[in-house]
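The values are calculated or read from the model by the stated rules, or taken from the named source; none is laboratory data. It should be emphasised that the depicted structure is a prediction, and the values quoted were computed from it without experimental measurement. When we count neighbours, we look across all protein chains shown, and the Cβ atoms used for this are built from the backbone with ideal geometry, even at glycine.
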């Protein structure tokens, strides 16, 4: 009887997450490109300086995720997100903004983004958010939730959502807390 040698199949390498970055500020784009391209499982495939370019690049490249600044010339990120989602309902859009006011957050989610991060987000939180959006989750970092001035909070971070005039109660918010935020090992999601 001959010795049978086990032949293992070659490892199938997963292609990197293809990302478009849309931001009108060169320094912000360079920083994002650098952070993303340092990851072994991500690559920036294009950059846009306004929302109109972002929509055109999305049509041309169909990236896995688009990182979108909300305040840009020609077409802002809100309108660009709406245009992309109208044409590509499964598009994965992560909004980046310097603003944490409720109206920006509400408006961004109504436009169709899956995640909203402030531009001062930590490097690791940004990478985790990109991976989460790519896999269909909708993360909002604890640092952003803690800064919401009106009381719209994750139950674990600051209590229940408040009923205030002007707050859209029908909006479904998902707060994904990453490992270490609450001292536990699991990622927990809350919807309200």
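General observations
Listed here are the residues, each with its yes/no results for (1) part of a loop (DSSP other than H, G, I, E, B); (2) within 15 Å of the chain's Cα centre (by Cα); (3) modelled with pLDDT of 85 or more; (4) farther than 25 Å from residue 50 by Cα.
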position: 95; (1), (2), (3), (4): no, yes, yes, no
position: 113; (1), (2), (3), (4): yes, yes, yes, no
position: 126; (1), (2), (3), (4): no, yes, yes, no
position: 150; (1), (2), (3), (4): yes, no, no, yes
position: 155; (1), (2), (3), (4): yes, no, no, yes
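- Some residue of the range 51-58 being touching a residue at least 40 places away in the same chain (Cβ under 8 Å), in a helix (DSSP H, G or I) and under 19 Å from residue 15 (Cβ atoms): no
- Search result, residues across the range 95-128 that are under 16 Å from residue 31 (Cα atoms) and without any contact (Cβ under 8 Å) to a residue 60 or more places away in the chain: 95, 97, 98, 117, 118, 120, 121, 122, 124, 125
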